[in-house]
Amino acid sequence: MAMRAIKKIAVRGLDMTVEDRVRFAGAISDAIRESADAKEGLAAFREKRQPAWQGR
């Protein structure tokens, strides 16, 4: 998920101003932090178990 987001920012960001690129990257980062996988990662860490990633 994170690698896909980095590639999207890099490719689409080529035609953007720095300010627009920062806003775009922030929006994608927010979406990743709110994802099911992010929540699963935190839960797995707290419960000291391996996460069950879903790619969402």
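The values are calculated or read from the model by the stated rules, or taken from the named source; none is laboratory data. All figures in this text were calculated on a predicted structure; none of them were measured in a lab. Every residue, glycine as well, gets a Cβ built from its backbone with ideal geometry; the counts of neighbours run over all protein chains shown.
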Inset, instruction - Look through segment 43-56, keep the residues that are touching a helix residue (DSSP H, G or I) at 6+ places or on another chain (Cβ under 8 Å) and either of a type in the set (F, W, Y) or closer than 18 Å to M3 by Cβ (or both), and return whichever of them is surrounded by the fewest Cβ atoms within 10 Å (Cβ to Cβ). - result: G55
Inset, instruction - Identify the residue in segment 8-42 that is more than 8 Å from the chain's Cα centre (by Cα), of a type in the set (A, V, I, L, M) and within 13 Å of R56 (Cα to Cα) and, among all such residues, is surrounded by the most Cβ atoms within 10 Å (Cβ to Cβ). - result: A38
Inset, instruction - Evaluate segment 10-21: report whether one residue or more is at pLDDT below 95, among the charged types (D, E, K, R) and not in a helix (DSSP H, G or I). - result: no
Legend entry - Within segment 43-56, tally of residues that are part of a loop (DSSP other than H, G, I, E, B) and more than 18 Å from the chain's Cα centre (by Cα): 4
Inset, instruction - Tell me which of these A5 doesn't satisfy, since it passes every other one: (1) without any contact (Cβ under 8 Å) to a residue 24 or more places away in the chain; (2) among the small types (G, A, S); (3) surrounded by 12 or more Cβ atoms within 10 Å (Cβ to Cβ). - result: (1)
